[in-house]
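Undergrad: I'd like to ask some things about the structure below.
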Amino acid sequence: MNKRILTISILTILVFATAIGQNSIKNSLPTVTGQTEVYKEIYQVDSAMFYAFNNCDSIGYRKFLADDLEFYHDQGGLHFLDEEMRSIKEMCDRNSHIRRELIKGTLEVYKLAEFGAVEIGVHRIYHRNKGEAEHISGDYKFIHVWQKTNGVWKLKRIISYGHDNMNNN
C-alpha cells in the first residue's frame, strides 16, 4: 500500500511539474494574442503583392501601394511611389527580372492598433537578365508598414536593409 501511495504521489508531482514547466515556457514566448488573424491577412496580401511584382504585373503591384509610399533602402536612399513604379516598369521593359521569395520562418507581423500592421522578415532576391539564368542576389531584411482602410491593405512604408551585412551570394 505504501508503494501505491508513493507511486501516486510521484506521478502527481510529475504531472504538476510538467504543467508548471509548460506554463512558464508559454509565458516566456512573445504574446501573439490577436495576432493570428492580422498575420494571416498580411501574409496573404504580401504574397499577392509579390506575385504581381515577380510577374511584372505593374498594375497589380500598384494596387497594393499607398499613394504616399516611402521606400527607404540602405544603398539607394529614399524614394517614392513614382520612382518605384518607374523602376519596375524599366526593369520589366528591358527584360531584366527580379524575383522575391520570403524566407520561411522569418516573417513577424504585429498589429499597430487600429492603423494597420508592421511586417518584418527576410527575403531572398533572385536576378535574371535577358538571356541569362536566374541567380540569387542575396538574402535581405525588410520592414513593411501596412495601413488598413475600409478593409483594404496598402503598403505605406518600406525599409530594405542588410545589403552589405547579410550572407549574400
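No lab work stands behind these numbers, since they all come straight from the coordinates. In this text the structure is predicted, and so the values were computed from the model without any measurement. Methodologically, a virtual Cβ is constructed for each residue, glycine included, from the backbone with ideal geometry; neighbour enumeration extends over all protein chains shown.
Undergrad: Of the residues that sit in segment 53-68 and are hydrophobic (A, V, I, L, M, F, W, C) and in contact with a strand residue (DSSP E or B) (Cβ under 6 Å, 6 or more places away or on another chain), which one is surrounded by the most Cβ atoms within 10 Å (Cβ to Cβ)? Spell out the reasoning first.
TA: First pass over segment 53-68, keeping only residues hydrophobic (A, V, I, L, M, F, W, C): 53, 56, 59, 64-66.
Next, only the ones that are in contact with a strand residue (DSSP E or B) (Cβ under 6 Å, 6 or more places away or on another chain) stay: 64-66.
Working: Phe64: 19, Leu65: 17, Ala66: 16.
For segment 53-68, the residue satisfying everything is Phe64.
Undergrad: How many residues does segment 124-169 hold that are under 23 Å from Cys92 (Cα atoms) and free of Cβ contacts under 8 Å to residues at least 24 places away in the same chain?
TA: Here the count works out to 4.
Undergrad: For segment 40-81, which positions are aliphatic (A, V, I, L, M) and farther than 18 Å from Glu119 by Cα? Talk me through it step by step, then tell me what you get.
TA: Looking only at segment 40-81, we keep the residues that are aliphatic (A, V, I, L, M), and these are 42, 45, 48-49, 52, 59, 65-66, 69, 78, 81.
Hits for segment 40-81 are Ala52, Ile59, Leu78, Leu81.
Undergrad: From the list Gly116, Gly105, Gly138, which one is under 18 Å from Tyr39 (Cα atoms) and surrounded by 15 or more Cβ atoms within 10 Å (Cβ to Cβ)?
TA: Details: Gly105 fails: surrounded by 15 or more Cβ atoms within 10 Å (Cβ to Cβ); Gly138 fails: under 18 Å from Tyr39 (Cα atoms).
Only one candidate passes the filter, namely Gly116.
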